[in-house]
Structures are given as structure tokens and as C-alpha cells.
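The values are calculated or read from the model by the stated rules, or taken from the named source; none is laboratory data. For clarity, every value in this text was computed on a predicted model and none was experimentally measured. Here the Cβ positions follow ideal geometry from the backbone for every residue, glycine too, while neighbour counts run over all protein chains shown.
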Amino acid sequence: MSARRPKIDKADYYRGIRMTPYDLVKEIAIATVGILVVVLILSAVLSSPDVPSATIQAWAKSDPVDFVTTAASEMAGQSDVAQYGPPYTSGNGSVQSLGPIEPQVWAGVHVAVNAPLDFVLQPLSQATVGDQTLASALTTFNDASATQQAKWLTAYNQALGSAKLVSSEVTVPSGDYGPVPVLMSRLLTLARSGGLDALLLTSEHFYQTDYSKPLLFLSDGGYFPGLAQAQELTGSQWGMMNETGRYPGQAWLWLFTLWYQVPAIASASNADLLVVVVMTILSLGLLLVPFIPGVRDIPRWIPVHKLIWRQHYRNMQRMTK
Amino acid sequence: MSELSGVGSSPGPVPPAPISPGSSATGTPAGRDKGWTAALRGRLDGRLPLEEVLPTRQPAFVGSWVYVFGVVTIAALVWVLVSGCVLAFMGSAWWHTSDLGHFFNSIHFWSVQMFFIFLVLHLWGQYWGAGWRDGRAKTWMVGVVLFLVSIVTAFTGYLIQQNFDSQWIAVNAKDAINATGLGGFFNVLNFGQMYGIHVMLFPIALTLLVVLHIVQVRSRGVVRPIGDPYIPDAGQSTSTGASR
């Protein structure tokens, strides 16, 4: 059993060091007032960013073809979210692993999303009041076999490649799409009215604070990333470290974002997991600096401390002479 | 063991100050009180007497500019918390619809920026001064945890702005968090969850960590300059500095 380390008191620790008067409360008070003045000036002169949220309504109005294309891919189960994997679905489209280590799979589905039902069929079923055509289209679609539904959706999704906007309606070349065009047309109308924003948020509860579904739906389209691209917020533009406008953003995330600029990591299918692992190791390294030989010795090798305690070392030299 | 090691050269914890003679409020001699309460009081009193919490004298080398960064970081945190309390009290939509609310949001925003600028400067200052020496490794470690918790706190703040930034950051961040398996439990798309965490849990954690960090710093005092080490068994001054 090792002996208990010897104890020292501060008087002994600072033996030989000159002590000077010090007013801690005054220092804190001056710092607090000083920071307030700087912050007030910055707030008054530079304000802060507040670009309004993207909405599904604005998406449907400004880029209806992209909206319908996204909605059709959700119905067909071919969108990113529909195939994502945990925590949203049981798929594996966005599952990341490191060899046999698959924490995403191990954690399982906890924010369940059924893309065709949640993003299209359920909202439409809540909008059938007074719309017999929509009610009939929904019944036709729901009563059809899975094979038939897939045929309609595959054909419609292919036809959307040559879709055009005619009189505010998304039109595709003639084909056997069953009730799908009617469903998409009604969903577009619903979205343009703002109704879909609300319907994607609703659940069995009165109060709502979970925006998972509307955000996931938005993220599947091309409109939302396009807005981010214009604001220089995408991954190749240093991503979420930035923010809208000429503001500093989360500059403290620079190291996290840096790894996404490394081609070998950015192109990996498990890029996010790799970055998280690297940052976890680096964070642990920072935490354990006092115990890591070499890293803890750098301050002695590179004498920045000569600047920090310049006056103290001068005093030492003077007294030595 | 290197002089810069946080372990081997540690002189150990500062000893409890002798409990001053006299009687407690109950008339019992203070040194004879027993039980958990008395033990805690004795420990606190010994480790952190008021003289150490609010010192009126410090080593002369503390006059360096590098010691200002820690104090300014706390000053910025004060305004982060004050402006955050106003924003929380007025409701999450207030600052989008009111000029005064937007101004308070700006105060919150710039206080956070100031907080991080000086926190990072403080961190670098402590690194280049090897502030973990002489048994101060735990102080360094709590400081690093504070830094990491601050980053997550600011991140959740960005998520609850209810504007385009929060939407985009949430959608992008989800993939990294989902990849760790935590996405179902820390759902960045869930405004309610992030709001509670940002205005309640993390501020409490941050404040407690700051208090712990300050207590650590005050109970041990600042570390001696590199090259002027504490020598436990020396019979006289190790420094050529003037006497107290």
C-alpha cells in the first residue's frame, strides 16, 4: 500500500514568491461591466441572425416539382428517410458502422417513421372531408395489392423525370399511374395551403413540440438543401459551424467540421461515425493532457510561458545578479 | 517525473486549516462535534476558508494578463445566464416578433461568443502555463469537461432558435448523433426535448461545474511559474523573488 502523499499549505507552496495586494471582487465587477458594455455595443451594431424557418408551404409553392417528386419517393419507400434505418426505420440506408461495431443498429428504432403513411397517406386521409375524388383515390390505392401499388408508384416516379408545371399543376406524360396523380395533386394543394405543415406535426396529443417528421420530410427534398447552399451552410462549405449571414456561428466546432473536409473521411460511408470517434479520442486526449508524456511537456519545450510570466522571470534574473 | 506532470510531482491536497478554538453555536467545543454534518463542515472549513475564497493577496506573478481570461469567461457567462433567463421567461417565440426580444437574443448571442473566445484563451493560457502541475490535474480535467459541456450547451441553443439555422443544424447533426446510437434518446429534431435540455439541465450542470472549478482553483491557489518549481523539502526559498 502506498504511503499517503505529503500535504503542503499555500504558505509553504508560495515560499519565496512575493505576495501582492489583490482585489478579486473588484476584478470580477470590472470584468462583468466591461463584458456587458462590449456585448451591448455588438448587439446594437451587429444584431443577431434570424432567417425565418423553411416551411413545407413555401417549398410546395416555390418548387412544386421537387415537392411532388419527394412525396412520390416517400410513398414508394425510396427516399433517404424511408430507407434510413435506426432510429427512424428498420432499414439500413444510412446505417454507419465501424467493422463489427454498429451502435446505430444496437440502439434500435426509437423515433419510428413510416414514410408513406406519415408523410402522404395519413395527412391526405385527414383532408378528405368534402373531397370525394380524394377519398375515392385513397380507397383505390389502399385497396390495391402491394404489387399494384408498387407498379403505379414506379411508373409515376419514372415519369416525374420529365414532369412539367402546367397551370400550377405538376403534369407527367400519360401512363398507368392509378390514383397516384390525384393523390399527389391533392397533397400539393394541401401543402400550398400550409395544412401539411400542421398535419405532419400532429399526433394523438394536443400539445406538440416534436418536429421530427416535418424536418425529415423537408430534408428529403432538394429545396431545403438548396436554401442552405445559398447560405453557405452545406458540408463542403464547413457545414453547421457556419450560420446564416455574416455571423461567427459555432466557431468552436471548427475541429469537428474540419474532418469533413478531409477527402478520405468525407467520402467514407461511415464518415459521421469516423468523425465522432476521432473527436472522442481527441477530447479524451485533451482531458488527460496532464498524464500524457510528451503532450504535457510541450509547454516546457516551447517557452510561451516566458511571455506569460515575463515579469516574474525578470525579477528572478535581477535577484540572481 | 517531469516537472509538468500532473501526477508524480503532486504535493497532495492542501491540508485542512486548523479549526479555530472556541465553541460552536450550541456551546459544544467545535472540534469535538461528530456526525456527517460536522464532518462536512470541518472539511469545507478546512479546504476552503473564506480567506481562500475571497483572497486579498496573491502571488505577484498573478499580475500576468493570462489570468484575466478566466475571470472574463465567468463575466460573460453571467450575461449568458441573465439574458437566457429573460428569453426563457418571455417564451420561445418572443424574440422573433419583438424588437426588444431580438435585442435580448443578440445579447445572449454575443455573450455566448464572448464566453467561448475567453474560454478558449483561458484554456490555451493554462495549457502553455501547464496549469495542471503540482496536483492540479483534476482542476484541468474539470475545466476540460466544462469546455465540452459548454459546446453541447451552445449546440442545443442553436437547435432551439426556431429559425432556419436551427432547422439546418438539426437535420445535419442528426446523422452524427444517430451513428453513435444516441439519436433515439437525444433527438435533435425534437424541439421540446432540446429546449428543456438547453434552458434547464445544461445551465445547471455548467453552473455546478464552474463552481467546482473555482473551488478547485481557490483551494489550491494558482500554480507556480514553470522553471520556478516548488521544492517540498527545501529549507529556504526556491525563488529568487523578493520575500513576502
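A compact table of results
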{"read-out": "Selection status of residue B:178, touching a strand residue (DSSP E or B) at 6+ places or on another chain (Cβ under 7 Å) and at pLDDT 95 or above", "value": "no"}
{"read-out": "Residue selected from the stretch B:37-84 under the condition over 28 Å from residue A:310 (Cα atoms) and β-branched (Val, Ile, Thr), by the criterion nearest to the other protein chains (Cβ to nearest Cβ)", "value": "B:78"}
{"read-out": "Residue, farthest from the other protein chains (Cβ to nearest Cβ), within the stretch B:133-147, restricted to residues that are among the small types (Gly, Ala, Ser) and out of contact with any Lys or Arg (no Cβ under 8 Å at 6 or more places or on another chain)", "value": "B:143"}
{"read-out": "Every residue from the stretch B:157-197 that is crowded, with 20+ Cβ neighbours inside 10 Å and among the hydroxyl-bearing types (Ser, Thr, Tyr)", "value": "B:158, B:166"}
{"read-out": "Within the stretch A:36-63, tally of residues that are in a helix (DSSP H, G or I) and either at the interface with chain B (Cβ under 10 Å from one of its Cβ atoms) or crowded, with 21+ Cβ neighbours inside 10 Å (or both)", "value": "13"}
{"read-out": "Residues located in the stretch A:192-222, provided they are buried (at least 18 other Cβ atoms within 10 Å of the Cβ) and farther than 22 Å from residue B:191 by Cα", "value": "A:192"}
{"read-out": "Enumeration of residues in the stretch A:304-321 that are more than 8 Å from chain B (Cβ to nearest Cβ) and under 51 Å from the mean Cα position of the chain (by Cα)", "value": "A:306, A:307"}
{"read-out": "Residue check, residue A:235 over 30 Å from residue A:53 (Cβ atoms) and surrounded by fewer than 19 Cβ atoms within 10 Å (Cβ to Cβ)", "value": "no"}
{"read-out": "Number of positions in the stretch A:271-303 that are within 8 Å of another protein chain (Cβ to nearest Cβ) and of a type in the set (S, T, N, Q)", "value": "1"}
{"read-out": "Selection within the stretch A:90-117 - more than 13 Å from chain B (Cβ to nearest Cβ) and touching a helix residue (DSSP H, G or I) at 6+ places or on another chain (Cβ under 6 Å)", "value": "A:115, A:116"}
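Quick grid of which residues meet (1) assigned by TED's automatic domain parsing to the domain that holds residue B:90; (2) touching a Gly at 6+ places or on another chain (Cβ under 8 Å):
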residue: B:105; (1), (2): yes, no
residue: B:108; (1), (2): yes, yes
residue: B:116; (1), (2): yes, no
residue: B:120; (1), (2): yes, no
residue: B:142; (1), (2): no, no
residue: B:152; (1), (2): no, no
residue: B:160; (1), (2): no, no
residue: B:164; (1), (2): no, no
residue: B:168; (1), (2): no, no
